[in-house]
Amino acid sequence: NIKDTTSILFVTVYDVDLCGADGKILTSGWTYTTTAKNTTTQRKCTTFIVLCPPQTFVHLVTLVPNQTIGSDTERIPITSWSQIEIESDVQQWSFHPNVKDEHPHLLHFPFHGNEEEAVNEDQATKSYQCSQSENGNLTHFFHGNYHAIDFACPIGTPLYSAINGVVVEMKDDGGGGQNKNNTTSTNEECDEIIEVSGIAARNLFHWNSIMIQSTDVETSDPLFLEYVHIQTNSCAVKVGDNVERGQFLCRSGSVGFSPEPHLHMAAYRSNGVDAATVRVKFQRINNDDTRESGLDSADAQSFLPRVGQWYNHSGLVEANSEGK
């Protein structure tokens, strides 16, 4: 980073094995693309997310020795980094201006529908693991994501509105519109990418989402709530629709920069492209399944998910349990 400001770097290295500072081989991940012909391909990659101070150079990795590259029928030895495909995205890091900012409005748990919308008999007791909470080390460390909450959930999980409000933004076309050269393409091109998923840096710019503006708060204290990575073509609402708490909205997915299927939820005080997040808590529906005791009156009414823990609409349930 040769700049005078701190930068966030997303660096993706394709198709090879890499060693960390301790000399051990790093675990690689995958990126997935689905084309207009409904074919999905996967590609091995390793992505580094680096918060780099000003005027700093970092040696991230080394290549595992004795690797080859090429097609199945013709492999050639790797002797130089110039043979490796690398992509990156570099952005100026902007820390949250007020990490204690909290909106008083409480959210309905997004996996729990109201009586009219209930689709699963075990919906009231099923719980979901928080895979990244506020100020998470993976991607929740800058102003636009700081207070976001991620819940791991299978693709296709029903998602319900956490607030009464109006849909102000909606995108569930797969986050594509790119061809293999990462340039704008048309529907007539057979190699058009219509959906991306996984950990490639290029996926940062292609996602599905829905945003709702609350109608239950004062206009002087607005609240916008966004659901991200939702399943393609799953939205049951459109921009301008009024929605109620517990109403079915869409299904969860893994579209965009997404290491695993999950729901990313973030709240804002505006829907500006550079808005900072605001903390919001979930309303607790008390029952005998809760594992939190000795709560004060405020916490007895609400909860804020923490990474690694399991939650349902009652709050924290037994951690690290299987078969949720």
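List of remarks:
- MRE, 222 nm, helices only [DSSP H, n ≥ 4, -39500 (n - 2.57), over the chain, to nearest 500]: -500 deg cm²/dmol
- Computed from backbone phi, the HN-Hα couplings of the stretch 68-80 come to 10, 9, x, 7, 4, 9, 9, 10, 10, x, 8, 10, 8 Hz, rounded to whole numbers (Karplus: 6.51 cos²θ - 1.76 cosθ + 1.60, θ = phi - 60°; Gly and Pro given as x).
- Computed over protein heavy atoms with a 1.4 Å probe, the accessible surface of the chain works out to 51 Å² per residue.
- Counted charge near Glu134, where neighbours are those whose Cβ lies closer than 14 Å (Asp, Glu -1; Lys, Arg +1): +1
- Here the Karplus relation 6.51 cos²θ - 1.76 cosθ + 1.60, evaluated at θ = phi - 60°, turns the backbone of the stretch 41-58 into coupling constants of 10, 10, 9, 5, 7, 10, 10, 10, 10, 10, 9, 10, x, x, 6, 10, 10, 10 Hz, with x for every Gly and Pro.
- Scattering profile of the chain at q = 0.14, 0.15 Å⁻¹ [log10 I(q)/I(0), Debye over alpha-carbon scatterers]: -1.18, -1.31
- Value of relative contact order over the chain, rounded to a whole percent, pairs C-alpha under 8 Å and six or more apart: 20 percent
- Unit charges on C-beta of K, R, D, E only; dipole of the chain, Debye: 660 debye
- Candidates Thr125, Thr12, Thr62: whichever shows maximal mean-square fluctuation once the chain is modelled as a Gaussian network with Cα springs under 10 Å: Thr62
- Convex hull volume of the Cα atoms of the stretch 130-176, normalised per residue: 141 Å³.
- Calculated log₁₀ intensity ratio I(q)/I(0) where the Debye formula runs over C-alpha points of the stretch 1-140, q = 0.16, 0.19 Å⁻¹: -1.07, -1.22
- Along the chain, longest interval not containing exposed GluC sites (Glu not before Pro), exposed being DSSP loop plus at most 15 other Cβ atoms within 10 Å: 1-73
- Taking 7 Å steps out from each Cα toward its Cβ at Asn233 and Lys24 produces label points 4.4 nm apart.
- Taking the protein heavy atoms of the chain in the context of the full set of protein chains, the accessible area attributed to carbon and sulfur is 49 percent at 1.4 Å.
- Considering only Thr40, Thr139, Thr232, the mean-square fluctuation computed in a Gaussian network model of the chain, springs between alpha carbons under 10 angstrom, is largest for Thr40.
- Candidates Asp17, Asp172, Asp72: whichever shows maximal mean-square fluctuation once the chain is modelled as a Gaussian network with Cα springs under 10 Å: Asp72
- Beta bridge orientation in the chain: antiparallel %, DSSP, nearest 5: 95 percent
- Too-long pairs where the Cα-Cα distance tops 32 Å, listed order kept, from Lys24/Lys126; Lys44/Lys238; Lys238/Lys281; Lys44/Lys171; Lys100/Lys171: Lys24/Lys126; Lys44/Lys238
The values are calculated or read from the model by the stated rules, or taken from the named source; none is laboratory data. Being a predicted model, the structure only gives us computed values, none of them experimental. Using ideal geometry, Cβ is built from the backbone for each residue, glycine included, and neighbour counts are taken over all protein chains shown. Areas reflect the complete protein model, heavy atoms only, side chains present, ligands, DNA and RNA absent. Shrake-Rupley method; radii C 1.70, N 1.55, O 1.52, S 1.80 Å.
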